[in-house]
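For reference, the structure I am asking about is given below.
The values are calculated or read from the model by the stated rules, or taken from the named source; none is laboratory data. Keep in mind the model is a prediction, meaning the values are calculated, not measured. Please note: Cβ atoms are built from the backbone with ideal geometry, for glycine as well, and neighbour counts cover all protein chains shown. Heavy atoms of the whole protein, side chains included, go into the accessibility calculation; ligands, DNA and RNA do not. Shrake-Rupley method; radii C 1.70, N 1.55, O 1.52, S 1.80 Å.
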Amino acid sequence: MEQAKTARIWITSLLMAALVAFYGYWLVTETPAYWETFLFVTLLFLLFVIALIRFVPYLQIYLATGSEPHLERVGDRTYRRCGVRELAKVILLIVLLRLLQMLLTYLIHLYLFGYTDTFLTVQRLWLDFFHAEYTFPAYPLLSNIFWFVSFNFNHARFLASYAFTALAGATLYYWTLLDFDRPVARRVLLYFFLMPASCLLLGTLPDSLLLLFSLLCLMFARKKRFVLGNIFAMLAVMTHIFGVLLFVPNIIGFIEKLIAELIPLGFAAVMLYSRIQFGSSTALFRTAMDAYGYELSTPFHSVAALVDRFLTAMHTLEGEALLKELGTVIPNMVYLVIGGVLLVFASGRIRTSYIAYMLVAYTAVLCTGTVSEAPRLLSICVPFVLTLSLVTKQKWLHRLLYVLSFIVFLLYLTAVVGGYTHYGR
């Protein structure tokens with residue numbers, strides 16, 4: 001016991017020393033131009049440090065015993081089997097929510113621009129997200145199956161996103177039930193679809209398919225069916241470059257019998273596709289990095305650049321230009337802060353492998369240079385929303401959060417429809 005405590009202190013101390021040295025080096029070599037930038041970067045740094053300090057003991061216990069004693073709570077879940085009928089109701093609910101989003105899209109468009117187009121014409125907004133030159137192969141290949149319904153590839157991708165989102169929502173519900181009860185599963189579902197960036201799942205983006213494959217990977221890893229878990233991780237890699245992060249929960253969940261060959265196989269398949277389609281094995285990766293605005297950088301540099309962009313816009317821009325800049329920058333800042341807070345709360349509430357996934361995903365988002373995809377990428381890392389649903393058991397507080405989430409959802413949807421983000425018009 002004493003040896004374990006000593007090891008934990010040493011591990012934590014070394015990690016903290018490395019992080020503080022890294023932070024100090026950034027502060028000296030890239031001193032922020034604004035004091036507000038310094039405060040924001042420091043806030044995220046402190047949240048990450050606290051999260052890591054809280055995480056180390058749980059990781060140590062898990063690696064030593066292979067168990068999750070903090071999840072053995074009596075009465076926190078019911079063992080009534082989740083059947084097809086229950087999941088079908090979830091799918092139907094999500095389909096109706098997506099229809100409601102289409103109605104909201106039209107009403108917001110009508111409010112912003114007056115009557116200019118019909119209901120269906122306005123929905124073309126969601127068809128303009130797809131770009132073949134930087135989309136990994138899984139999404140276009142699987143979405144093309146829906147051509148047999150629509151006889152139009154653009155419409156097929158829209159239908160595919162609709163279907164993949166519904167299936168992903170049902171999987172999210174079932175995955176939550178593996179560890180928690182139905183009230184928690186319902187909260188997770190509500191929070192997920194009230195998150196601002198969830199509106200983007202209606203668009204012709206690979207996000208819905210990546211979400212589905214990620215959840216199937218986590219679900220089978222949780223059930224100790226690691227071959228299937230790794231297969232879906234491979235498919236996630238073939239959908240989006242961030243699918244490779246699923247290696248983390250797999251390797252932690254399968255310490256002694258790790259089968260890690262399939263995730264690299266996903267990379268190999270993407271490279272082969274890139275070679276055939278574009279003439280170079282790395283062309284798709286390079287194009288995707290450029291198109292998404294990704295460039296490898298230190299997390300401090302990325303966050304500082306984001307806050308500097310916000311402050312510069314506030315000082316120099318006005319009117320439509322200011323709104324467009326704020327519509328892009330503010331959601332990223334909000335997601336980064338909330339993500340950091342949830343990292344702190346996660347330890348002791350969810351599985352160790354899920355927390356590790358959150359930490360790696362959060363770090364990866366911070367190292368993409370512009371941090372312009374934080375809402376999308378952090379939303380797809382579903383342990384964040386699971387943690388949010390477990391922060392408190394007070395029903396009134398959850399209801400308040402639902403209302404606040406819906407208001408922010410409407411604001412973000414308005415920004416997308418109005419063209420005030422780098423999505424939409």
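Counting other C-beta atoms within 10 Å, and keeping those with at most 12, which DSSP coil chymotrypsin sites (Phe, Trp or Tyr not before Pro) do you find in the stretch 119-171? Numbers along the way, then the final one.
Details: sites: Phe119, Trp126, Phe129, Phe130, Tyr134, Phe146, Trp147, Phe148, Phe151, Phe153, Phe158, Tyr162, Phe164; in loops: Phe129, Phe130, Phe151.
Passing sites in the stretch 119-171 are Phe151.
In square angstrom, what is the accessible area per residue of the chain with a 1.4 angstrom probe?
Numbers: 19750 Å² over 425 residues.
Per-residue value: 46 Å².
If you don't mind, there's one more thing I want to ask. Given Cα pairs under 8 Å that are at least 6 residues apart, what percent is the relative contact order of the chain? Each step should come with its number before you reach the end.
Numbers: 552 pairs, mean separation 90.4, N = 425.
Once normalised by length, the contact order is 21 percent.
Any idea how far the Cα center of the stretch 94-143 sits from the one of the stretch 298-331, in Å?
The stretch 94-143 and the stretch 298-331 have Cα centres separated by 26 Å.
Give the distance, in whole Å, between the Cα centre of the stretch 1-62 and the Cα centre of the stretch 349-412.
Each part reduced to its Cα centre gives a spacing of 21 Å.
Let's test the formula: R0 of 22 Å, r as the Cβ-Cβ distance of Ile9 and Thr65. What FRET efficiency results, to the nearest 0.05?
Once the sixth-power term is evaluated, E becomes 0.70.
Extension gain Val20-Asn144, at 0.36 nm per residue separation less the Cα-Cα distance, in nm?
Numbers: separation 124, 0.36 × 124 = 44.64 nm, distance 4.89 nm.
Between Val20 and Asn144, full extension yields an extra 39.7 nm.
Right, next: Could you tell me which of Phe148, Pro249, Trp175 has its Cα farthest along the dipole of the chain towards the positive end, charges placed at Cβ (Lys, Arg +1; Asp, Glu -1), taken about the Cα centre?
So the residue furthest toward the plus end is Trp175.
To continue, here is another question. Using only Cα atoms, what is the ratio of the radius of gyration of the chain to 2.2 N^0.38 Å? Let's see the in-between values first.
Numbers: Rg = 21.6 Å, N = 425, 2.2 N^0.38 = 21.9 Å.
It is 0.99.
For the chain, what is the charge dipole size about the Cα centre, in debye to the nearest 20, if Lys and Arg each add +1 at the Cβ and Asp and Glu each add -1 at the Cβ? Walk me through the intermediate numbers first.
Numbers: 31 positive and 22 negative charges, 347 e Å.
Around 1660 debye, computed over the chain.
Tell me the carbon and sulfur percent of the accessible area for the chain, rounded to whole percent, probe radius 1.4 Å.
Values: 13810 of 19750 Å².
After summing per-atom areas, the C and S share lands at 70 percent.
Output wanted: per-residue J couplings in Hz (rounded whole) for the stretch 339-345, from phi through Karplus 6.51 cos²θ - 1.76 cosθ + 1.60, θ = phi - 60°, x for Gly and Pro.
3J(HN,Hα) across the stretch 339-345, in whole Hz: x, x, 5, 5, 4, 5, 7.
Taking GluC sites (Glu not before Pro) that fall in a DSSP loop and have at most 10 other Cβ atoms within 10 Å as cut points, what is the longest piece of the chain between them?
Values: sites that count: Glu72, Glu256, Glu261, Glu318.
Formally, the longest exposed-site-free interval is 73-255.
I need the phi-derived Karplus couplings for the stretch 216-233: 6.51 cos²θ - 1.76 cosθ + 1.60, θ = phi - 60°, integer Hz, Gly and Pro marked x.
Taking θ as phi minus 60°, the curve returns 5, 4, 5, 5, 6, 5, 5, 7, 6, 9, 6, 5, 5, x, 6, 4, 6, 5 Hz for the stretch 216-233.
Rounded, prolate or oblate: pick one for the stretch 129-254, where a ≥ b ≥ c are the square roots of the eigenvalues of its C-alpha gyration tensor, a/c under 1.5 means rounded, and failing that, prolate if a/b is larger than b/c, else oblate.
Numbers: a/c = 2.10, a/b = 1.38, b/c = 1.52.
Oblate.
Average the reciprocal distances over every distinct pair of alpha-carbons in the stretch 1-136, invert the result, and give the Kirkwood radius in Å. List each step's numbers first, then the result.
Details: mean 1/r = 0.0459 Å⁻¹.
Over the stretch 1-136, the inverse of the mean reciprocal pair distance is 21.8 Å.
Could I ask something else about it? Please enumerate, by chain and number, the lysines with C-alpha under 19 Å from the C-alpha of Lys223, excluding those fewer than 8 residues away in the same chain.
Excluding near neighbours in sequence, the set is Lys257.
Give the residue from Asn230, Leu194, Ala88 lying farthest towards the positive end of the charge dipole for the chain; charges sit on Cβ (+1 for Lys and Arg, -1 for Asp and Glu) and the dipole is referred to the Cα centre.
Ala88
Could you work out [θ]222 nm for the chain from helices alone, using -39500 (n - 2.57) per DSSP H run of at least four and dividing by all its residues? Round to the nearest 500 deg cm²/dmol.
Details: 19 runs with 303 residues, N = 425.
Helices in the chain give a 222 nm mean residue ellipticity of -23500 deg cm²/dmol.
Here is a follow-up. Rounding to the nearest 20 debye, state how big the charge dipole of the stretch 306-425 is about its Cα centre with +1 on each Lys and Arg Cβ and -1 on each Asp and Glu Cβ. Walk me through the intermediate numbers first.
On the way: 9 positive and 5 negative charges, 129 e Å.
Rounded to the nearest 20 debye, it is 620 debye.
Follow-up question, since we're still on this one. Please compute P(r) over all alpha-carbon pairs of the stretch 81-172, binned at 5 Å starting from zero, and give each bin as a whole-number percent.
Bin by bin from 0 Å, the calculated values are 3, 12, 17, 19, 19, 16, 10, 4, 1, 0.
Classify the stretch 136-179 as rounded, prolate or oblate, taking a ≥ b ≥ c as the square roots of the eigenvalues of its Cα gyration tensor: rounded when a/c is under 1.5, otherwise prolate if a/b is larger than b/c and oblate if not.
Numbers: a/c = 4.14, a/b = 2.46, b/c = 1.68.
Prolate, because a/c is 1.5 or more and a/b exceeds b/c.
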